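What follows is a set of notes on a single structure, which appears directly below.
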Amino acid sequence: MSKCIRYQDPTVCDYLASQYVAGDMTMRVRARTESLARSIPELSNAISQWADNFTPLQQALYEASPQYHTQTNCSHMWPFIEQRVAQLTISKNSSITNKSKPTHQNIFYQLWNTLLLWRVMTGVTTLASAFMVGVLLLAVPDPLPTTGPSYLAAMSSHGSTDQSADFVISVYAKNATSSSKLHIQWAKEQQITSQAPLHLWAENKETGAIEYIGIQDLSVGSVPLTKSSWMAIASSSRLFMTDKKSLPNGENIIFSGVCLQLQQWQS
Amino acid sequence: MLDKHWVAETNALLYRVQQRDQLALKILYDLTSTKLLHLIASIVHDSHEAEDVLQDVFVNLWQQADKYSGNGSAWGWICVMARHRSIDKLRRLAVRHHESTDASPELLEQLNIATDNIDNHWIGQCLKQLPLKTQHVILLSYIKGYSHSDLTHLLDTPLGTVKAWIRRGLQELKLCLSA
């Protein structure tokens, strides 16, 4: 049996996954398993299942030590993490800048100077590329605002016991340059399961009333919101997606997710 | 028990971290750090080392968030990462705090208290159906981060037997969980 087929066997996947999650692997074997999981979805799924199987055990033990929650404060460590993350961002940016320097002195640069025809052809190609980029920029929709979203909803298949989200809805407030927007980001390994557009609804957190937001094409990343849609989402506790334009009930909901207000945390 | 709202928040925040949102990382930290430190400390034991591991976990999370595929919960993914970092730290330090074999009955007792308080805690119920030895090795391995060879020394049992207990125990757990 070839290596790849062997790892697609559910029993082998399940055993490897349980060992991986339980921590019974050496670093080398663990790295190999991670590499396999990237190319074998069955293994990746088995790892996620075992990880979710074990987390309640961890939670039960955490809850069984109530003195721990009251006595432990982790806030003093955040500044160190923040500093390390900032350093990583700076060093990543500077390594990109530095990488461009040596290329001027390498052999290709010398060769470049000797080839007149190449230079002329590249000049023409650059002009053509610039023209194409200009055309594309006109066709591309507005980029997302640079500030973070105001609301988030991790949408899962309705009724699924799986804890993962199929996609995340991010809602951005309007600013000086763009209107408020709704953006859909699919989970990496999720396919767009519904080809037909779905109807989006918001449940009011105060009254429980269901308000209609509109029809949403799930393959479109970002769409502008009207003021009333924005208001409905801003005052919602949950979002629903239905296949038909009829009030969400147990039967017709395709996706649902808790709507989280991020601005509350930011303030 | 982990509530659905909390799990949804964690999922949504990790998606934001994938988009390089540092604020989301901070919120995720506020939401999960105490639980993670508890997890790490149960493996690493030394509180300063545990704090170092916690920092490493969040820096790693920032660097590797894009490896979260969306399969399973974000919290499950983060817990696995934290456990692996803790075990790595323990191996680097080459320190295994001596613990008597009473350690896991203590854990089982904690688990009993926890499961008595929480309805439908299926992992706890399933674990309690396993033979005592098997419960011990799984808890010592999963909660305390013991390697197979640590368990061999601790329980004075051959390596093959320890591996067989763990393998059989995990298979039985799986059967029980899917029943």
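Residues being of a type outside the set (D, E, K, R), more than 10 Å from chain A (Cβ to nearest Cβ) and more than 24 Å from residue A:11 (Cα to Cα): count how many of those fall in the range B:141-178. Counting residues in the range B:141-178 that are of a type outside the set (D, E, K, R), more than 10 Å from chain A (Cβ to nearest Cβ) and more than 24 Å from residue A:11 (Cα to Cα) gives 7. Restricting attention to the range A:165-195, and to residues there that are within 20 Å of residue A:250 (Cα to Cα) and modelled with pLDDT under 80, which single residue is nearest to the other protein chains (Cβ to nearest Cβ)? Of everything passing the filter in the range A:165-195, A:165 is nearest to the other protein chains (Cβ to nearest Cβ). Against the test of being more than 8 Å from chain A (Cβ to nearest Cβ) and at pLDDT below 90, the options B:94, B:12 yield a single qualifying residue, B:94.
Of all residues in the range A:197-240, those satisfying the criterion of being under 13 Å from residue A:255 (Cα atoms) and either modelled with pLDDT of 90 or more or in a strand (DSSP E or B) (or both) are A:198, A:199, A:200, A:201, A:202, A:216, A:238, A:239, A:240.
Please work out if residue B:7 is within 14 Å of the chain's Cα centre (by Cα) and β-branched (Val, Ile, Thr). It is false that residue B:7 is within 14 Å of the chain's Cα centre (by Cα) and β-branched (Val, Ile, Thr).
Among the residues of the range B:21-62, those identified as more than 8 Å from every other protein chain (Cβ to nearest Cβ) and of a type in the set (Ser, Thr, Tyr) are B:32, B:47.
Would you check if residue B:48 is under 14 Å from the mean Cα position of the chain (by Cα) and either under 30 Å from residue B:151 (Cβ atoms) or in the same structural domain as residue B:141 (by TED's automatic domain parsing) (or both)? Walk me through how you get there before you give the answer.
Working: under 14 Å from the mean Cα position of the chain (by Cα): no; either under 30 Å from residue B:151 (Cβ atoms) or in the same structural domain as residue B:141 (by TED's automatic domain parsing) (or both): yes.
In short, no.
Applying the selection to the range B:129-179, what residues are small (Gly, Ala, Ser) and assigned to a helix (DSSP H, G or I)? Quick ask: steps written out before the conclusion?
Here is the first cut: in the range B:129-179, the residues small (Gly, Ala, Ser) are B:141, B:145, B:147, B:149, B:160, B:164, B:169, B:178-179.
If the condition is that a residue be small (Gly, Ala, Ser) and assigned to a helix (DSSP H, G or I), then B:141, B:149, B:160, B:164, B:169, B:178 are the ones that fit.
The listed residues are B:82, B:24, B:12, and the only one of them that is hydrophobic (A, V, I, L, M, F, W, C), more than 27 Å from residue B:148 (Cβ to Cβ) and crowded, with 24+ Cβ neighbours inside 10 Å turns out to be B:12.
The values are calculated or read from the model by the stated rules, or taken from the named source; none is laboratory data. Fair warning: this is a prediction, and the values are worked out from it, not measured in the lab. With ideal geometry, Cβ positions are generated from the backbone for all residues, glycine too; neighbour counts draw on all protein chains shown.
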